[in-house]
1. Need at least 3 residues that are under 20 Å from residue 489 (Cβ atoms) and open to solvent by less than 10 Å² (accessible area, probe 1.4 Å) per element, so show me which strands (runs of 3 or more DSSP E) inside the stretch 328-445 make the cut, counting only ones lying wholly within it.
2. When you check residue 598 against the structure, is it within 26 Å of residue 398 (Cα to Cα), in contact (Cβ under 8 Å) with a residue 40 or more places away in the chain and over 25 Å from the mean Cα position of the chain (by Cα), yes or no?
3. Considering only residues that are more than 16 Å from ligand 1 (Cβ to nearest atom) and not β-branched (Val, Ile, Thr), which ones fall in the stretch 391-401?
4. So in the stretch 649-678, with the set limited to residues that are β-branched (Val, Ile, Thr) and in a loop (DSSP other than H, G, I, E, B), which one is surrounded by the fewest Cβ atoms within 10 Å (Cβ to Cβ)?
5. Does residue 480 meet the test of being assigned to a loop (DSSP other than H, G, I, E, B), more than 16 Å from ligand 2 (Cβ to nearest atom) and of a type outside the set (Gly, Ala, Ser)?
6. Just to check your reading of the model, which residue among 580, 590, 561 is within 30 Å of residue 92 (Cβ to Cβ) and crowded, with 20+ Cβ neighbours inside 10 Å?
7. Need pairs with beta-carbon distance below 8 Å; first residue part of a loop (DSSP other than H, G, I, E, B) and within the stretch 505-518, second modelled with pLDDT of 90 or more and of a type in the set (Ser, Thr, Tyr); sequence gap 6+ or separate chains.
8. I need the full set of residues from the stretch 608-634 which are assigned to a helix (DSSP H, G or I), open to solvent by less than 60 Å² (accessible area, probe 1.4 Å) and either within 16 Å of ligand 2 (Cβ to nearest atom) or not charged (D, E, K, R) (or both), in order please.
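The values are calculated or read from the model by the stated rules, or taken from the named source; none is laboratory data. It should be emphasised that the depicted structure is a prediction, and the values quoted were computed from it without experimental measurement. Ideal geometry is used to build each Cβ from the backbone, glycine not excepted, and the neighbour counts take in all protein chains shown. Ligands, DNA and RNA are stripped out before the accessible areas are found, and what is left, the full protein with its side chains, is counted by its heavy atoms. Shrake-Rupley method; radii C 1.70, N 1.55, O 1.52, S 1.80 Å.
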Amino acid sequence: MTHRILSIALDTPLDTEFDYRWIAGEADAVVPVVGQFALVPFGRREVVGLIIAVKESSDYQPEKIRDVIAVRTALAPLSPEWIALCRFAADYYQRPLGEVALPCVPKKLRDPQPTALERALKKPAALRSDSDIDVSRPTLNEQQQAAVDAITATLGYGAHLLFGVTGSGKTEVYLHAAEALIKREQAHGRAAQVLLLVPEINLTPQLEASVRARFPALHVATLHSQLAEGERLRHWIAAHQGRAAIVLGTRLAVLASMPDLKLIVVDEEHDPSYKQQEGLRYSARDLAVWRARQLGIPVVLGSATPSVESWQHAGSGRYQKLALTQRASTHARLPRVGLIDMQHHKAPEGLSPPLVAALRERLARGEQSLLFLNRRGYAPVIHCDACGWISNCRRCTAFMVLHKPERRLRCHHCSLEMRIPAACPTCGNVDLQPLGRGTQRVEEHLQQLFPEARVLRIDADSTRRKGSAQAAFDAVHRGEVDILLGTQMVAKGHDFRRLTLVGVINPDTALFSQDYRAGERLFAQLMQVAGRAGRAGLADHQPQSEVLIQTRYPQHPMFRALLAHDYEGFARDTLTERRAAGLPPFVFQALLRAEAKTLEAALEFLQQARELLPHDGITMNDPVPMTITRVANVERAQLLLESASRPQLQAFLREWMPALRELKSRLRWSLEVDPVDI
Ligand SMILES: [Zn+2]
Ligand SMILES: [Zn+2]
């Protein structure tokens, strides 16, 4: 009787692979292969794992080895390249292989019941687009053409940083490069797949429409977290079977199985949402570059404000820089950026007189305005003037935010909610006041100022229902909104044709943040939000679009760079500062976090971790409480490791992690490699 030992990766924190016995039944004539899924007993449960080795024998005692229940033979096995990608991610981010490889496939694939999989295989995703869509193909300007040529010229690996201002036509470069590569492969009788990554789910419908219109004959699959599970499974399978020529998705799509992958594009490569913030804390951008190198294919990182890491790589020649300096549409001009010095203007409700006047002008001309305020809710806190009471969250080191329409206080860290107290809990004063302002408060003020204007607020609160964000953006596009007000959600990617004014209400807090990346993020955000103004569609005789930024620090170098639309100067200064301060990308970091009932316990664990092993070449900083120390009654602390050498840091982490697990501490801890929020 045929039998084999299968090494199987399971989704557990135990850093090991498990041996199971497979015995050929009467029905199965074919021996399982690496890359197939198998249903196995694990403890008292039955779980789906991934076969990563097929062996004749095991090192374990035969009586300890349990039998495989079933092998999922209906699905083609995952490729060795895909498993290698997961293995790299597992090693680099210091997680067990199973915790990487299994969570990144659709949930329904890991279901012990194979019914969903069978159904999906029987009834595949309908991916073909309508072929009667108007295929308009804008001609490329010289710079765009040069970029497409550079991307497609090299056979084999090449990393390209496509640096172009908003409206310079980066999307056209992606689409032309994709088309050229797909055609080249087809000419040789080979299949080709292209992976297009975008930072934000809300941006996929727009890009999807462009892609479908451009490639009516090709299958387009989408992968993001808001797809229904059944749909996600179908699209994943279409990518895995090579039927989807183009896969469009958010960060999780970087781990999609694509056997014929020939090009990867990471749009808005600087965007923080490419970094997963829980579980496997990976950077989709970094994995995209690794994957391209492994497969020997080109990867394009596009941005108007590249991350300074990528800029550094472009400077050192690791990436090839492709610049688009002209806006693609001749009508589109860069907006004029102006600063409103808030030391000279009173703005009791957040809007200074010059900004109000500019809004009034747009309303009179029937044009749209956008106001950007990165703080949702009505006011960040309410307080009592009489005794100084302030609405702290009782479970977190944070304030309870006032949400006026709902008449609630809400903690944005632990989601605790309560009614607004009728009187001060400490002294009984009934006159509690909001302090500071969020989007709801500015919305209320706008309605008072301009009762005739149509004001729309877009933030995480107003778009909780699925599809409501898209509906809101559609209303703006149809011209049904005069003033759009929102958080960073409004800054990304949307092309509002009638928009001629962007107002930024309070960017100053980020200027003095202790997070060394805050300045870079603010610059990118402001450039991006500024890019919403003055895009195509308005005639030449109309006045230039305008961006007005309210600040108390108009002399700050970041604003000087912004006024000049000078990303390069900003990046150069930032890199100089980082080098002098010994910060990434000039050092490599890892962060160990611990959570406990008491801060002492968390710090003590980190101190123990710090002294566990000799660490030559690694700087171990002192354990410190996290900025927001307590969340939901859990105290949090962190320990930062730094090294000038990435291999050295990696080598240390490989020894350190098992030693940390050996500690068998009962508190929760996690390690993040290349942390972004420190
Ligand atoms: Zn009071
Ligand atoms: Zn809280």
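1. Ranges flagged: 368-372.
2. Values: within 26 Å of residue 398 (Cα to Cα): yes; in contact (Cβ under 8 Å) with a residue 40 or more places away in the chain: no; over 25 Å from the mean Cα position of the chain (by Cα): yes.
Spelling it out, it is not the case that residue 598 is within 26 Å of residue 398 (Cα to Cα), in contact (Cβ under 8 Å) with a residue 40 or more places away in the chain and over 25 Å from the mean Cα position of the chain (by Cα).
3. Result: 393, 394, 395, 396, 398.
4. Within the stretch 649-678, the first condition is being β-branched (Val, Ile, Thr), and the residues that meet it are 673, 676, 678.
In the following step, the residues that additionally are in a loop (DSSP other than H, G, I, E, B) were identified as 676, 678.
On the way: 676: 18, 678: 16.
That would be 678.
5. Judged against the criteria, residue 480 is a match.
6. Values: 580 fails: crowded, with 20+ Cβ neighbours inside 10 Å; 561 fails: within 30 Å of residue 92 (Cβ to Cβ).
Answer to the check: 590.
7. Sorted first by the residue in the stretch 505-518, then by its partner, the pairs are 507/551.
8. Narrowing the stretch 608-634 to residues assigned to a helix (DSSP H, G or I): 608-610.
Adding the requirement that they be open to solvent by less than 60 Å² (accessible area, probe 1.4 Å) leaves 609-610.
Residue satisfying the conditions is 609 alone.
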